[in-house]
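The values are calculated or read from the model by the stated rules, or taken from the named source; none is laboratory data. Predicted model only: the values in this text are computed from it and were never measured. When we count neighbours, we look across all protein chains shown, and the Cβ atoms used for this are built from the backbone with ideal geometry, even at glycine.
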Amino acid sequence: MRNLLSDKRDSLSIVLAGEAGQGIQTVEYILIRVLKLAGYNISSSKEFMSRIRGGTNSTEIRVSSKRVQAFTERIDILVPLNKGAMRHVKERISPDTIILGEKENFQKDYKQSRDNVIDIPFSQIASEIGGRIYANTVAIGLISALFRVEAEILKDFIKKHFSGKGGKIIRNNIEAGNKGYEIGSDLLHSQKIKIEIEKSSKVIDEILLSGAEAIALGAVAGGCNFLPFYPMSPSTSLAVFCAQHSQEFSLVVEQAEDEISAINMAIGAWYAGARAMVTTSGGGFALMVEGLSLAGMLETPVVIHLGQRPGPATGLPTRTEQGDLEFVFRAGHGEFPRIIFAPGTIEDAFYLTQKSFNLADKYQIPVFILTDQYLLDSYYNIPSLDISGMKIEEYVVKTNRDYKRYRLTEDGISPRGIPGFGQGLVVVDSDEHDDQGHITEDFEARTKMVDKRLKKLDSLRKEVIPPELVGSKDYKTLVIGWGSTYNVIKEAISYLRRDDISFLHFKQVYPLHPDTPGYIKKSEQCVIVENNATSQFGNLIKLFTGMDIGKKILKYNGLPFSLEEVADNLEKIVMSRA
Amino acid sequence: MDAEMFDMGDIDIAWCPGCGNFSILDILKETLSELKIRPENLVLVSGIGQAAKIPHYLKANVFNGLHGRSLPAATAIKFANPSLVVIAESGDGCMYGEGGNHFIHAIRRNPDITIIVHNNMVYGLTKGQASPTSGLGFKTLLQVEGVFAEPFNPLAVAVALDASFVARAYCGDRTETKGILKKAILHKGFALVDIFQPCVTYNKSNTYGWFKENTYYLEDSYNPQDRQEAFKRATGKGKLALGAIYINSNKSSFEENTGIYQKNKEPLYKRKPDWGKLSSLIDSKRRV
């Protein structure tokens with residue numbers, strides 16, 4: 001495996017691995033925050049098994065002087081927290097990897113004579129303080145010291161984090177942090193480990209968010225006041241975040257009996273003037289599909305967040321994939337328009353979600369936000385989220401006595417009334433209907449209504465978000481990606497150090513932007529990178545442009561792309577051509 | 001107010017001549033007008049089936065959604081604007097078959113809506129198959145050996161779930177049914193009215209005469225607060241009870257339980273995001 005980041009002055013990756021229930025998430029939670037408070041850019045991503053206890057999970061934290069927001073295979077510092085940990089990540093351990101942990105957790109061949117395998121008796125130290133439970137805090141203290149986090153920052157954070165747990169637990173955690181910190185300081189002084197990443201005070205005040213939180217905040221900014229929801233990984237954390245802030249924003253999260261109920265609730269709520277969103281994954285969305293078609297027929301807005309995970313069926317519940325694009329594009333019986341967004345970054349997740357509510361309302365159609373486990377569970381710091389120009393665009397009209405819900409108009413959009421606002425009656429029907437909304441079997445009326453619904457596509461095509469070209473306009477190789485692969489493709493290309501490779505990223509995948517074929521035609525060769533097995537976005541591009549993208553980099557084992565994989569594969573493709 | 005204010009004028013009604021749906025439609029219009037409910041403040045929510053077409057035949061706001069899915073939609077409509085009168089109305093196949101799971105959970109959730117189920121013990125629109133409430137031995141082109149699945153007992157299920165209002169009516173008795181419907185609509189919380197109704201085309205067993213013979217009205221001394229007794233009456237063999245069989249008025253509604261209407265009575269369409277609070281929440285992620 002190539003070592004992309006041989007220059008360790010810029011960026012390091014820390015990997016924590018251990019059993020579910022062992023507290024890796026707590027270590028990650030505290031570490032990324034104290035490292036950021038110390039002035040480092042951080043990003044973290046996790047991979048975990050579908051179980052509550054046991055197994056082996058890992059979290060990667062990248063610490064850097066620059067913004068690095070992609071997953072790398074490389075491990076600079078490994079903290080194995082159980083016996084299976086090293087085996088779990090063995091492919092990623094290099095001779096340069098520093099391994100910090102208890103010797104019982106080292107694999108046999110690593111035990112002897114390696115300078116960079118350092119035995120730290122976390123559990124023993126923790127037991128002396130008051131119990132093995134404090135071992136994780138010792139590790140936090142150790143890593144904080146290695147990165148020269150001020151002791152006060154660590155202490156304050158620990159105090160705050162454990163504040164609900166009572167004096168003894170707070171004191172013990174502070175002591176555990178201190179012990180770890182002392183060991184780390186000694187290691188630094190002994191010159192065994194040298195970390196020279198620059199800190200920046202600008203980072204301290206940046207926003208630290210996960211993809212899931214960004215979508216939840218985007219929903220609030222979009223005026224969402226109802227989230228009917230059935231629990232399903234990886235979309236649950238989003239609903240939990242909304243529920244935690246429910247009263248603050250009068251955003252009700254209701255656990256529905258199933259996803260069928262959830263989407264029918266969402267559509268009912270929009271009909272009566274609320275702004276609702278559903279959040280689910282592929283399997284849950286499969287149950288929502290009839291409801292999606294209902295939204296299409298009623299011309300009721302609805303916002304659907306789908307966090308993809310590998311299928312078919314239950315698939316790999318806690319893993320990632322971009323395998324549901326074609327499903328979402330085709331879903332629903334009958335023909336009706338829709339919009340599909342695919343955020344590439346945490347900022348995108350926020351802004352696109354906010355926009356989804358206005359667009360759904362404007363065109364009276366379903367709007368999708370298509371993410372995946374990788375994006376939802378990733379955290380990194382971003383400079384800001386700008387809400388100053390945001391507004392809730394108002395499209396609901398007050399009805400008069402002769403109001404007709406489906407009045408035929410030039411652009412196919414009929415002014416949308418809601419019951420109880422005005423003198424009119426708002427009639428919507430899942431059967432084909434006349435302009436008043438009443439059931440009809442008249443063929444002429446049917447044709448008119450189909451045309452009316454589809455006509456909205458003409459207008460919404462005019463406001464498709466253009467794809468972003470990263471790199472020079474004079475490219476020979478064009479790399480195409482969509483959704484959550486934005487950061488990994490962008491950073492991987494930067495390591496190839498070639499100005500004839502550019503990257504075209506789509507955050508709106510449907511309708512396809514009209515400039516797409518032009519970008520492809522300009523290239524000498526085109527490569528598509530997708531986290532699925534059949535190049536679903538490539539298929540869509542072919543469908544709408546007739547253009548075949550010959551080179552494909554596909555991954556579908558349930559894990560996100562790493563920098564190394566993308567860079568290696570791209571290099572091979574570029575070299576084979578030269 | 002006059003029941004005529006709900007009239008749609010000269011419209012094509014898709015029911016068979018002599019169908020029990022006609023009397024339910026008339027009774028509903030009279031009930032609504034006597035309760036002084038205005039069409040623009042009323043939302044009728046239905047699913048699919050012959051009964052589910054009823055909202056098209058009177059003046060009201062209408063949400064005619066998917067087969068079996070009227071209750072989630074009705075729950076959300078009431079939640080989005082509690083000042084609306086929301087009635088979900090459909091047939092036994094829609095409410096108890098395709099929508100059975102929603103029936104159970106809507107009762108648990110207890111939105112302040114009324115649900116009217118036209119129970120004719122057969123599928124009409126799909127031409128005569130058994131419904132969840134068809135009696136044992138009921139023969140159809142599909143159930144050639146006769147129905148052998150235990151009939152669904154909506155009243156017993158509702159009482160078991162401690163529904164806040166459970167009643168049964170018979171469409172042939174205009175005055176009594178109107179009285180039951182009025183109570184149901186005025187009741188705060190989930191109110192079920194299962195209405196017996198003959199299907200003159202596909203159900204030759206449960207006719208007008210059969211319902212007359214096999215039902216009885218709860219006596220004046222009957223105490224609908226007694227859940228044990230209600231369960232006994234709902235499951236009792238022999239004649240079938242008509243009237244409000246169970247009432248539990250001590251429940252708060254779904255809309256109340258969400259908490260968002262405690263301080264602010266505004267329906268959701270009037271609410272906008274609190275940009276100040278959102279800004280603070282975003283800022284709280286700076287030094288976390």
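Tabulated data for the structure shown
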| item | result |
| --- | --- |
| Leading residue by the ranking (surrounded by the most Cβ atoms within 10 Å (Cβ to Cβ)) among those in segment A:188-222 that are away from chain B (no Cβ under 14 Å) and assigned to a helix (DSSP H, G or I) | A:LEU188 |
| A:ILE125 closer than 20 Å to A:THR26 by Cα, aliphatic (A, V, I, L, M) and over 31 Å from the mean Cα position of the chain (by Cα) | yes |
| In segment B:35-82, residue farthest from A:ALA274 (Cα to Cα) [restricted to those that are hydroxyl-bearing (Ser, Thr, Tyr) and in contact with a strand residue (DSSP E or B) (Cβ under 6 Å, 6 or more places away or on another chain)] | B:SER46 |
| Matching residues, segment A:404-441, being facing chain B (nearest Cβ under 7 Å), closer than 18 Å to A:GLY334 by Cβ, within 38 Å of the chain's Cα centre (by Cα) and of a type outside the set (D, E, K, R) | A:VAL428, A:SER430 |
| Strands (runs of 3 or more DSSP E) within segment B:140-245 that include 1 or more residues of a type in the set (Asp, Glu) and under 23 Å from B:GLU34 (Cα atoms) | B:191-196 |
| So A:ASN136, is it outside any loop (DSSP other than H, G, I, E, B) and at pLDDT below 95 | yes |
| Test: residue in segment A:121-138 that is polar (S, T, N, Q), without any contact (Cβ under 8 Å) to a residue 60 or more places away in the chain and within 30 Å of A:GLY344 (Cα to Cα) | no |
| Complete set of residues in segment A:285-305 that are crowded, with 24+ Cβ neighbours inside 10 Å and free of Cβ contacts under 8 Å to residues at least 60 places away in the same chain | A:PHE285, A:MET288, A:GLY291 |
| Test: residue in segment A:434-443 that is of a type in the set (Phe, Trp, Tyr) and assigned by TED's automatic domain parsing to the domain that holds A:LEU559 | no |
| Qualifying residue in segment B:247-259 (condition: assigned to a loop (DSSP other than H, G, I, E, B) and facing chain A (nearest Cβ under 8 Å)) | yes |
| Hey, B:LYS188 of a type in the set (Lys, Arg) and within 30 Å of B:TRP15 (Cα to Cα) or not | no |
| Selected residue (criterion: surrounded by the most Cβ atoms within 10 Å (Cβ to Cβ)) from residues of segment A:144-185 that are in a helix (DSSP H, G or I) and of a type in the set (Asp, Glu) | A:GLU175 |
| Filter result (crowded, with 19+ Cβ neighbours inside 10 Å, under 30 Å from A:SER45 (Cβ atoms) and facing chain B (nearest Cβ under 7 Å)) within segment A:234-255 | A:PHE249 |
| Subset of segment A:223-233 that is touching a Ser or Thr at 6+ places or on another chain (Cβ under 8 Å) and surrounded by fewer than 24 Cβ atoms within 10 Å (Cβ to Cβ) - its residue that is nearest to the other protein chains (Cβ to nearest Cβ) | A:TYR230 |
| Residues (surrounded by fewer than 22 Cβ atoms within 10 Å (Cβ to Cβ) and either away from chain B (no Cβ under 14 Å) or not in a loop (DSSP other than H, G, I, E, B) (or both)) located in segment A:38-53 | A:LYS46, A:PHE48, A:MET49, A:SER50, A:ARG51, A:ILE52, A:ARG53 |
| Residue list for segment A:54-73, restricted to those being assigned to a loop (DSSP other than H, G, I, E, B) and either in contact with a Lys or Arg (Cβ under 7 Å, 6 or more places away or on another chain) or not assigned by TED's automatic domain parsing to the domain that holds A:ASN105 (or both) | A:VAL68, A:THR72, A:GLU73 |
| Hey, A:SER494 of a type in the set (S, T, N, Q) and either in contact (Cβ under 8 Å) with a residue 60 or more places away in the chain or buried (at least 20 other Cβ atoms within 10 Å of the Cβ) (or both) or not | no |
| Selection count where residues are touching a helix residue (DSSP H, G or I) at 6+ places or on another chain (Cβ under 7 Å), of a type in the set (Gly, Ala, Ser) and free of Cβ contacts under 8 Å to residues at least 40 places away in the same chain, scope segment B:229-275 | 1 |
| Residue check for A:GLN508: of a type outside the set (A, V, I, L, M), farther than 16 Å from A:THR485 by Cβ and touching a helix residue (DSSP H, G or I) at 6+ places or on another chain (Cβ under 9 Å) | no |
| Total residues in segment A:256-283, condition more than 17 Å from A:ILE215 (Cβ to Cβ), small (Gly, Ala, Ser) and more than 10 Å from every other protein chain (Cβ to nearest Cβ) | 1 |
| Any hit, segment A:443-450, residues being more than 30 Å from A:LEU559 (Cα to Cα), within 14 Å of chain B (Cβ to nearest Cβ) and without any contact (Cβ under 8 Å) to a residue 40 or more places away in the chain | yes |
